[in-house]
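Trainee: This is the structure I have questions about; it appears just below.
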Amino acid sequence: MRGKAANLKEADAGMKRMVISMGMKGIFAKKRGRRTAAAITGCVFFVILLAIYIGGALLPDSALAADFSQKSLPPSMKHLFGTDFLGRDMFVRTVKGLSLSLAVGAVASVISALIALAVGVTAAMGRGIADHAVNWFIDVFMSVPHTVLIILISVAFSRGAFGMLVGLAVTHWVSLARIIRGEVLQIRSMQYITASRRFGKSRLWIARKHILPHMLPQFFVGLILLFPHAIMHESGLTFLGFGLPPEQPAIGIILSESMKYLSGGAFWLALFPGLALVLLVLMIDKLGNTIRSLLEPREAQL
Amino acid sequence: MNILEVKNLSLAFRMYDGAFSRRDLSVLTNLSITVRGGEILAVAGSSGSGKSLLAHAILGILPKNAVTGGELFWCGERLTPKLQQKLRGKDLAFVPQSVTYLDPLIRVGRQVTKDDKRLADLFFRYHLKKEVARQFPHELSGGMTRRILISAALAGNPKLVIADEPTPGLSPHLAEHAMKHFREIADSGAAVLLITHDIDLAIRFADRVAVFYAGTTVETANASDFADENLLRHPYSRVLYRAMPQNGFAPAVGSQPYAGALPRGCLFAPRCEKCTAECTKAPPAPRVVRGGEVCCRHAA
Amino acid sequence: MLLEAKNIVFGYERGRNILENMSLSIESGERLALVGPSGCGKSTLAQILAGNYVPGSGQVLLDGKALPRRGFCPVQLIYQHPEKALNPRWKLGKSLFEAWAPDDGFLNALGIEKVWLSRYPAELSGGEMQRFCIARALAPETRFLIADEITTMLDVVTQAQIWNMLLRIAAERNLGILAVTHNGELAKKISARTVTFPEKT
């Protein structure tokens, strides 16, 4: 019957979760819009993220000019997130910081994902020695604490924005590379790949036509899910003073500056930017997962 | 006694083709069977045609995107999700198709039953060594796994055992053995619902055979009826009979209709030589003909 | 032409050979059935004959020469589960043309409807998918077909349809067919000669 493979897969998944839903029309009605709702949520998040990025990029630096008449004000209608010790609006600083984080995260995760793709595919296609070597390398990489590794690399590359970007880019690919390797290995062993070989198709042709298209959705979702990691590490590193220089409007800088004033009761200096960063990260994560379930309709229980 | 009665069961899946295009696939339509205590009833049809879903519907373990219609009765009482939950694993047992239904991280003995005495009984009965109880699923051979799955199903002294394709992967010797177990279960008074794609197996070991076509059962015949084409009641059963390698290997034209595009009337009408105008308008109601149930207006 | 397996030894694990010194041969136009219970190594032999597995020792020869490693293989294997042998992301037409470009007459002879070409595997039944797998394997370069339980998962009517059609085409083209099956009755119907694998204990 049509769709039986998918049906049975779903039936199987259902079996395992022991879901009871016989003849319950109510549940059904609620499910109608679940996919659409998820897609709309995804779109909304995307628009918000885009707005933060563009907003931050468009805001002139003059918006961050010091104004000592407005020094250290708590949150109000005029200054939503309050102001800092130089009288700068914390909302503007936060938006600028998030925008910068997004940019850094984007660059770092794209480079990381590309490394992951190259390494993962090499490992899976090369088999034997190449695979062993790559796996060993990944194990070594994973055995070093992540933050320490980023710090070491960023210091080795002259610190600052460039050093940190390198640090972020070359440390985030490991888990995705593992996933890609596993996926490629799995597809390679499929009967339709063997059949393709017997029809006289070359390895390169098979990699291009069969394997790559299968990997792309995984790759994109993996890339988006790298984003939050990269952003958190960027902020963390900057907070510790190994990342972006103090003149940049980064969230990490804001947070580390705020430390001095927290004991004075200026909670807004850390609370709002910190909360905004967490929300940003959660939104990106949700966006990635939404895209995944929309790309793989048969595997998602959405 | 009727242990389980399935009346006009229908089942559809809400499916997604792309990100948003959705359609309903009706997989089972107007399916009716009755399983009695002391017998093996086989449901035989091509694999992937939704037979397993019948089992899942009875057990109440369908995935969330399934919509069902029709009625199920357990010993005359309506089989509600609540009752299903109460019966599952006790009066209502399931022997699944594959090893993947065992938890890979738990020793098999614990997965069969927590009652040590019962475990010893079951292991003795199915020729499993005591040490096996301490092993993990991946350490078992195919035949041993099958026996574990069977003993797990029987641990609660079930009234109905549903076996979904219990034999593929077993050597003929072990398959025979497995089927003998089901025979014993039936002889002890319980009902066995055997779901299989192997019509030969169904005829050999079951008491009655329900012929499954395009998501419905067109006929429930005694297994002995398959000895002679003329004893069968439904035109499709006869087509099936003639297509068996030992009975002529005749390739009837046409194929089963798709879940997405079922005919309005009798599901077999487009391929049936006895088809009349009536047949294309409404599905036939089940009738009893010569001691078997059949869904055909022309059966006599 | 002659397809030979000579003294094939094969094992998945060291020290446990599933095939021990197995030899057999098929000629063009011959129909041979390989019968035996599951797990006896008949599917493994099918894979070896099609060049998918390399035997531990022994050879597979086509007219005295080894099977070509590159290019279209004249020995084609058809699998038990067509849904695994077709890329689920490809429309069936694409999967079919991956092997060769048959004309409409050929598709008709196989009972493939043109609209199926633009559908995905999950939208067809097992029998329909299997017709595509057979069509792919019947390229002009094909000399031998290895049919590994190709109708086991199908209903008997579809089984009869597929084998009747396959045997007709094989006869027209003088193809050699090696049918792997556990069903003795089916083997009798489709083959002229039967090789039986013993049951392992």
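The values are calculated or read from the model by the stated rules, or taken from the named source; none is laboratory data. Model, not experiment: these values are computed from the prediction. With ideal geometry, Cβ positions are generated from the backbone for all residues, glycine too; neighbour counts draw on all protein chains shown.
Yes or no, residue by residue, for (1) at the interface with chain A (Cβ under 10 Å from one of its Cβ atoms); (2) closer than 25 Å to B:THR113 by Cβ; (3) touching an Asp or Glu at 6+ places or on another chain (Cβ under 9 Å); (4) crowded, with 19+ Cβ neighbours inside 10 Å:
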| position | (1), (2), (3), (4) |
| --- | --- |
| B:ALA57 | yes, no, no, yes |
| B:PRO63 | yes, no, yes, yes |
| B:GLY69 | yes, no, no, no |
| B:GLU77 | no, no, no, no |
| B:LYS90 | no, yes, no, no |
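Trainee: Hey, which of the strands (runs of 3 or more DSSP E) in segment C:1-92, taking only ones fully inside, have at least 1 residues that are modelled with pLDDT of 90 or more and either over 21 Å from C:GLN130 (Cβ atoms) or within 14 Å of chain A (Cβ to nearest Cβ) (or both)? Quick ask: steps written out before the conclusion?
Mentor: Details: elements: C:2-10, C:19-27, C:31-35, C:57-62, C:75-78.
In segment C:1-92, the matching strands (runs of 3 or more DSSP E) lie at C:2-10, C:19-27, C:57-62, C:75-78.
Trainee: Within the set of pairs 6+ apart or on separate chains, which have a first residue in segment B:275-298 that is farther than 23 Å from B:ASP225 by Cβ, a second that is outside any helix (DSSP H, G or I) and among the charged types (D, E, K, R), and C-beta atoms under 8 Å apart?
Mentor: From segment B:275-298, the pairs are B:THR276/B:ARG297; B:GLU278/B:ARG297; B:THR280/B:ARG264; B:LYS281/B:ARG264; B:ALA282/B:ARG264.
Trainee: Turning to a different aspect of this structure: Taking the stated definitions as given, is A:GLY82 more than 25 Å from the chain's Cα centre (by Cα) and more than 22 Å from A:TYR53 (Cβ to Cβ)?
Mentor: yes
Trainee: Can you say whether C:LEU86 is surrounded by 23 or more Cβ atoms within 10 Å (Cβ to Cβ), touching a Pro at 6+ places or on another chain (Cβ under 9 Å) and over 17 Å from C:TYR53 (Cβ atoms), as far as the supplied structure shows?
Mentor: In short, yes.
Trainee: While we're here: Evaluate segment B:228-240: report whether one residue or more is among the aromatic types (Phe, Trp, Tyr), in contact with a Phe, Trp or Tyr (Cβ under 9 Å, 6 or more places away or on another chain), in contact (Cβ under 8 Å) with a residue 24 or more places away in the chain and farther than 21 Å from B:LEU9 by Cβ.
Mentor: no
Trainee: Within segment A:208-216, is even one residue within 14 Å of chain C (Cβ to nearest Cβ), surrounded by fewer than 21 Cβ atoms within 10 Å (Cβ to Cβ), at pLDDT 85 or above and not in a helix (DSSP H, G or I)?
Mentor: No: zero hits.
Each row is one residue, and each column tells you yes or no for (1) touching a Ser or Thr at 6+ places or on another chain (Cβ under 6 Å); (2) buried (at least 20 other Cβ atoms within 10 Å of the Cβ); (3) farther than 23 Å from B:HIS197 by Cβ; (4) without any contact (Cβ under 8 Å) to a residue 40 or more places away in the chain.
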| residue | (1), (2), (3), (4) |
| --- | --- |
| B:TYR126 | yes, no, yes, no |
| B:GLU131 | no, no, yes, yes |
| B:PHE136 | no, no, yes, yes |
| B:LEU149 | no, yes, no, no |
| B:GLY156 | no, no, yes, no |
| B:VAL161 | no, yes, no, no |
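Trainee: Filter segment C:113-144 for residues that are over 12 Å from C:PRO82 (Cα atoms) and among the acidic types (Asp, Glu); which is modelled with the lowest pLDDT?
Mentor: Ranking the candidates gives C:GLU123 first.
Trainee: Looking at the structure I just gave you, is C:ALA101 within 27 Å of C:LEU34 (Cα to Cα) and out of contact with any Gly (no Cβ under 6 Å at 6 or more places or on another chain)?
Mentor: Judged against the criteria, C:ALA101 is not a match.
Trainee: Could you check A:VAL184 against (1) surrounded by fewer than 18 Cβ atoms within 10 Å (Cβ to Cβ); (2) in contact (Cβ under 8 Å) with a residue 24 or more places away in the chain; (3) closer than 30 Å to C:ARG136 by Cβ and say which number it fails?
Mentor: (1)
Trainee: Would you say A:THR290 is surrounded by 19 or more Cβ atoms within 10 Å (Cβ to Cβ), touching a Ser or Thr at 6+ places or on another chain (Cβ under 8 Å) and closer than 30 Å to C:ALA122 by Cα? Before the answer, list the steps.
Mentor: Details: surrounded by 19 or more Cβ atoms within 10 Å (Cβ to Cβ): yes; touching a Ser or Thr at 6+ places or on another chain (Cβ under 8 Å): yes; closer than 30 Å to C:ALA122 by Cα: yes.
Answer is yes for this residue.
Trainee: Go over the candidates A:ALA133, A:ALA195, A:ALA124 one by one and state the one that is more than 19 Å from the chain's Cα centre (by Cα), among the aliphatic types (A, V, I, L, M) and within 14 Å of chain C (Cβ to nearest Cβ). Spell out how you get there, then give the answer.
Mentor: Details: A:ALA133 fails: within 14 Å of chain C (Cβ to nearest Cβ); A:ALA124 fails: within 14 Å of chain C (Cβ to nearest Cβ).
Residue meeting the stated conditions: A:ALA195.
Trainee: Can you pull out the residues in segment B:187-236 that are touching a helix residue (DSSP H, G or I) at 6+ places or on another chain (Cβ under 7 Å) and closer than 23 Å to C:LEU124 by Cβ?
Mentor: Residues satisfying the conditions are B:ILE195, B:THR196, B:ILE199, B:VAL211, B:PHE212, B:TYR213, B:VAL218.
Trainee: Hey, among the residues in segment C:94-123 that are closer than 23 Å to A:LEU204 by Cβ and small (Gly, Ala, Ser), which one's nearest to the other protein chains (Cβ to nearest Cβ)?
Mentor: Initial filter on segment C:94-123 (closer than 23 Å to A:LEU204 by Cβ): C:94-101.
After this cut, where a residue has to be small (Gly, Ala, Ser) as well, the list is C:95, C:99, C:101.
Working: C:SER95: 8, C:ALA99: 4, C:ALA101: 12 Å.
The extreme case among them is C:ALA99.
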